[in-house]
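**Q** This is the structure I have questions about; it appears just below.
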Amino acid sequence: MALIVQKYGGTSVGTLERIRNVAQKALSRQRQGDQVVVVVSAMAGETNRLIKLALDLTELPDLREYDALISTGENVSVALLAIAIQSIGGKARSLVANQIPIFSEGVYKDGRIKKIGTQKIRKLLNHGSIVVAAGFQAVDQEGNIHTLGRGGSDTTAVALAAALNADLCEIYTDVDGVYTADPNICPDARKLDKISYDEVMEMASAGAKVLMIRSVELAKNYNVKLAVLSSLMDLPGTLVVKGDKEMEKTVVSGVAYDKNECKITVSRVPDQPGVAATVFKSLGDAHIIVDMIVQNVSEKGYTDLTFTVRKEDMARAKKLADVASRKLAAGEIKIDPNVAKVSIVGVGMRSAAGVAGRMFETLGQAGINIQAISTSEIKVSCLIDAKYTELAVRELHSAFNLAKAPAGSKPKKRAKN
Ligand code: ADP
Ligand code: ASP
Ligand code: MG
């Protein structure tokens, strides 16, 4: 008997019909003889709706109440799914974070899972129940609800799989695996049978929301076997594996984009030691994640300091940048939400030269200006005007030969580029 953790995202539980479909899938897996824990997200659009309600009241809501509010979408879906399973003859029990319990540490909105109690789940599984666990939420020692960051149900699923020592964690979503680029904007994108933890982690950090980055980190650290599959079609998915030799031969394995960042520029900052610390320390203290940073000389003795943060942190970041700017006697703060980050990712980049140059050339030939650049060992990212996102992804996808193998050709393991 295997223990399987299945996770279904918002679209997969977006309607009652889809919830019935999930109930059927979970029950048939259990009837094959496996123990099944199902983690669910809020119904599609629900978390965004709740966020909008809070932000319509105030630009800067109290984060404790914000988390208390936006975690409730998952409460609805666990109960509905348990009812759906029971209605087709199965045994099911829904559990929210404090009932499991899943304990968090750290801040609101970006909680980290610290500890999971497995006793109750094991007892329910041993009594023949399917356990339906709420994704995205955890509680701190005082019982306050913390959410785990957008897309956090993936992290709940992997953390539960690790805590329960599950045989497999299946992430069911609205696409049938991890592709070389988002298949919804890049028609040529190719499904990967397997991808390394490192690559999918970089893809996730570059904005490919098919898996939340922290879920992959956890899966890698705790050796959780992870698969990405379609909840709507019965097709083979993508297995996330440790890197292998074959993968290292591929220089670029995917293209990703992120429209969820905004660009903030503090202009006319005196060019002196310690100024960057004044700006970024206050952002760090407020737990605002800064992604790309560029410093440009604006005039003699002054620089413009440009950086990106997540759109949801824009108002808080602007407020803090204002304070820092006054302290430094710097110039005005400019905000640009119409930017996107496009990235190329591949473990083979570690040992290949000229990849960044080819990326810049491709964007240049498409008439796309680069506003900021950042790199890691296996990723190059460029900040561009958001209106060119789709064009940039498609151009890069074709420049690095990532397209589908033509119909009728012998299937290849992975195309080299
Ligand atoms: P869920 O609600 O199931 O968690 P998400 O919307 O978070 O689903 O993630 C699935 C989406 O990820 C897909 O619909 C697709 O548009 C997007 N995506 C982005 N990059 C990729 C990629 N490289 N491969 C597959 N899907 C991708
Ligand atoms: N419902 C949460 C969100 O929309 C968590 C998730 O979907 O994974 O971010
Ligand atoms: Mg998701």
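**Q** Quick one: in region 152-165, which of the residues that are in a loop (DSSP other than H, G, I, E, B) and farther than 14 Å from ASP67 by Cα is farthest from ligand 3 (Cβ to nearest atom)?
**A** ASN165
**Q** Would it be correct to say that ALA97 is buried (at least 20 other Cβ atoms within 10 Å of the Cβ), within 16 Å of ligand 3 (Cβ to nearest atom) and farther than 18 Å from HIS287 by Cβ?
**A** No, not satisfied.
**Q** Output the residue which, of all residues in region 312-333 that are basic (Lys, Arg) and surrounded by 14 or more Cβ atoms within 10 Å (Cβ to Cβ), is farthest from CYS262 (Cα to Cα).
**A** LYS319
**Q** Let me spell it out: the conditions are (1) under 17 Å from the mean Cα position of the chain (by Cα); (2) surrounded by 24 or more Cβ atoms within 10 Å (Cβ to Cβ); (3) among the small types (Gly, Ala, Ser), and SER77 meets all of them except one. Which number is the exception?
**A** Only one criterion is unmet by SER77, namely (1).
**Q** Limited to region 130-143, what total is found for residues that are away from ligand 1 (no atom under 13 Å from the Cβ), part of a loop (DSSP other than H, G, I, E, B) and touching a strand residue (DSSP E or B) at 6+ places or on another chain (Cβ under 9 Å)?
**A** 2
**Q** Run PRO236 past the list (1) surrounded by fewer than 20 Cβ atoms within 10 Å (Cβ to Cβ); (2) within 23 Å of GLY348 (Cβ to Cβ); (3) over 13 Å from the mean Cα position of the chain (by Cα) and report the number of the one that doesn't hold.
**A** (2)
**Q** Of all residues in region 4-29, which are away from ligand 3 (no atom under 13 Å from the Cβ) and among the aliphatic types (A, V, I, L, M)?
**A** Within region 4-29, ILE4, VAL5, LEU16, ILE19, VAL22, ALA23, ALA26, LEU27 qualify.
**Q** Between a residue in region 97-117 that is closer than 19 Å to TYR222 by Cβ and any residue that is hydroxyl-bearing (Ser, Thr, Tyr) and not in a loop (DSSP other than H, G, I, E, B), which pairs come within a Cβ distance under 8 Å, given they are 6 or more apart or on different chains?
**A** Here the result reads ILE102/THR156; GLY111/SER104; GLY111/THR147; ARG112/SER104; ILE113/SER104; ILE113/THR155; ILE113/THR156; LYS114/SER104, each pair linking region 97-117 to a residue that is hydroxyl-bearing (Ser, Thr, Tyr) and not in a loop (DSSP other than H, G, I, E, B).
**Q** Within region 1-13, restricting attention to residues that are farther than 15 Å from ALA157 by Cα, among the hydrophobic types (A, V, I, L, M, F, W, C) and surrounded by fewer than 24 Cβ atoms within 10 Å (Cβ to Cβ), which residue is farthest from ligand 2 (Cβ to nearest atom)?
**A** Among them, the one singled out is MET1.
**Q** Mind listing just one residue for me: the one in region 166-185 that is in a strand (DSSP E or B) and within 16 Å of ligand 2 (Cβ to nearest atom) and, of those, surrounded by the most Cβ atoms within 10 Å (Cβ to Cβ)?
**A** Step by step, filter region 166-185, then rank; the result is ILE171.
**Q** Now a separate question. Any residue in region 51-69 that is touching a residue at least 40 places away in the same chain (Cβ under 8 Å), farther than 30 Å from LYS319 by Cα and either of a type in the set (A, V, I, L, M, F, W, C) or surrounded by fewer than 15 Cβ atoms within 10 Å (Cβ to Cβ) (or both)?
**A** No, because not a single residue in region 51-69 is touching a residue at least 40 places away in the same chain (Cβ under 8 Å), farther than 30 Å from LYS319 by Cα and either of a type in the set (A, V, I, L, M, F, W, C) or surrounded by fewer than 15 Cβ atoms within 10 Å (Cβ to Cβ) (or both).
**Q** Please find, among LYS281, LYS249, LYS220, LYS263, the residue that is touching a strand residue (DSSP E or B) at 6+ places or on another chain (Cβ under 8 Å), of a type in the set (D, E, K, R) and away from ligand 1 (no atom under 15 Å from the Cβ).
**A** Going through LYS281, LYS249, LYS220, LYS263 in turn, just one is touching a strand residue (DSSP E or B) at 6+ places or on another chain (Cβ under 8 Å), of a type in the set (D, E, K, R) and away from ligand 1 (no atom under 15 Å from the Cβ): LYS263.
**Q** Filtering region 14-49 down to residues that are of a type in the set (Ser, Thr, Tyr) and surrounded by 19 or more Cβ atoms within 10 Å (Cβ to Cβ), which residue is farthest from VAL96 (Cα to Cα)?
**A** Only one residue fits best here, namely THR47.
**Q** Right, another one. Right, VAL40: touching a helix residue (DSSP H, G or I) at 6+ places or on another chain (Cβ under 8 Å), within 21 Å of VAL175 (Cα to Cα), within 16 Å of ligand 1 (Cβ to nearest atom) and of a type in the set (Val, Ile, Thr) or not?
**A** The answer is yes for VAL40.
**Q** Please work out which one of (1) in contact (Cβ under 8 Å) with a residue 60 or more places away in the chain; (2) outside any strand (DSSP E or B) is the condition ALA324 fails and give its number.
**A** Here ALA324 clears every test but (1).
**Q** Only one of these conditions is not met by MET314: (1) away from ligand 3 (no atom under 16 Å from the Cβ); (2) part of a helix (DSSP H, G or I); (3) out of contact with any strand residue (DSSP E or B) (no Cβ under 6 Å at 6 or more places or on another chain). Which number is it?
**A** (3)
**Q** Assuming LEU192 fulfils every condition listed in (1) within 16 Å of ligand 3 (Cβ to nearest atom); (2) within 26 Å of GLY346 (Cα to Cα); (3) modelled with pLDDT under 95 apart from one, which condition is it?
**A** Answer for LEU192: the failing condition is (1).
**Q** Just checking: which of the helices (runs of 4 or more DSSP H) contained wholly in region 30-92 hold 2 or more residues that are modelled with pLDDT of 95 or more, within 15 Å of LEU16 (Cβ to Cβ) and away from ligand 3 (no atom under 16 Å from the Cβ)?
**A** Ranges flagged: 72-87.
Every residue, every condition in (1) basic (Lys, Arg); (2) within 26 Å of the chain's Cα centre (by Cα), yes or no:
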{"site": "THR308", "(1), (2)": "no, yes"}
{"site": "LYS311", "(1), (2)": "yes, yes"}
{"site": "LEU320", "(1), (2)": "no, yes"}
{"site": "VAL323", "(1), (2)": "no, no"}
{"site": "ALA330", "(1), (2)": "no, no"}
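**Q** Which one is farthest from ligand 2 (Cβ to nearest atom), of the residues in region 194-223 that are assigned to a loop (DSSP other than H, G, I, E, B) and crowded, with 22+ Cβ neighbours inside 10 Å?
**A** ALA206
**Q** Here are some residues: GLY331, GLY284. Which one is assigned to a loop (DSSP other than H, G, I, E, B) and within 28 Å of THR58 (Cα to Cα)?
**A** None of the other options fit; the residue is GLY331.
The values are calculated or read from the model by the stated rules, or taken from the named source; none is laboratory data. No experiment lies behind these values; they were computed from the predicted model shown. Please note: Cβ atoms are built from the backbone with ideal geometry, for glycine as well, and neighbour counts cover all protein chains shown.
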